[in-house]
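Notes to accompany the following structure.
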Amino acid sequence: MGKNKFVIWTLIIIIVVGGYFGYTKFIQTPEMQNGGTTIDTSASSPKPEPPKSDSNTKDNSNTVNNVSVSEITRDMQGQYVTTSGTITTISGGKGHTFITLKDINNDKTIKGVLFRQENEENTGRKELLEQNAKTDNIVNIEGKVDIYENELEIIIKKVY
């Protein structure tokens, strides 16, 4: 019985030691495998910064600019904006909702579109547009500036 215990313990030790060395070799960095040492700098190393947006790019989707309707220009295509105004016209087709938003300070207008899919994902926006169109209340709209058929428009994402 003594010889069998010795063989079993020897096998257990070989498995444990082999597993340990196999594991440590698996997690070693290339510097460690070549006999070099590494220093853990993760606590002191700076975190990577997000890419800086170039003001000349068309898609500044990380930023929402608060602007009046009259300040929206073709150069802002692809940018997200928040603007306010009164809804002068509202219509629909194929489930989409189309509005004309008038600046609260002058007669400047911009078209807006709420696509059917957007409304289905977050219901209530179409109803809010319809309510504000009937009452001439000021409505806030957040969306992406676009050009469609050579005219500025806002693809509506939020209404409040």
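Just so you know, all these numbers are worked out from the coordinates, no wet-lab data involved. Predicted, not measured: the structure shown is a model, and the values here were computed from it. Note that each Cβ is placed from the backbone with ideal geometry, even for glycine, and that neighbours are counted across all protein chains shown.
Taking neighbour Cβ counts within 10 Å as the exposure measure, how do Val67, Val159 sort from fewest upward?
Fewest to most other Cβ atoms nearby, the residues stand as Val67, Val159.
Could you please rank Glu151, Glu71, placing first whichever residue has the fewest other Cβ atoms within 10 Å of its Cβ?
Glu151, Glu71
Please give, to one decimal in nm, the separation of the simple spin-label points placed at Asp136 and Asn150, each 7 Å out from Cα toward the Cβ.
Label at Asp136, label at Asn150, 3.4 nm between them.
Kirkwood Rh, the range 106-147, all Cα pairs: how many Å?
So the Kirkwood estimate lands at 11.8 Å.
What net charge do the residues around Asn150 carry, taking every other residue with its C-beta under 12 Å from that of Asn150, with Lys and Arg at +1 and Asp and Glu at -1?
Every neighbour counted, the sum reads -2.
Measuring from label point to label point, each 7 Å out along Cα→Cβ, what is the Ile12 to Tyr160 span in nm?
So the label points at Ile12 and Tyr160 sit 6.4 nm apart.
In what order do Leu128, Leu11 fall by count of nearby beta-carbon atoms within 10 Å, going from fewest to most?
In order of increasing Cβ crowding within 10 Å: Leu11, Leu128.
Based on the inverse mean of 1/r over its pairs of different Cα atoms, what is the Kirkwood hydrodynamic radius of the range 64-159, in Å?
Hydrodynamic radius (Kirkwood, Cα only) of the range 64-159 equals 13.0 Å.
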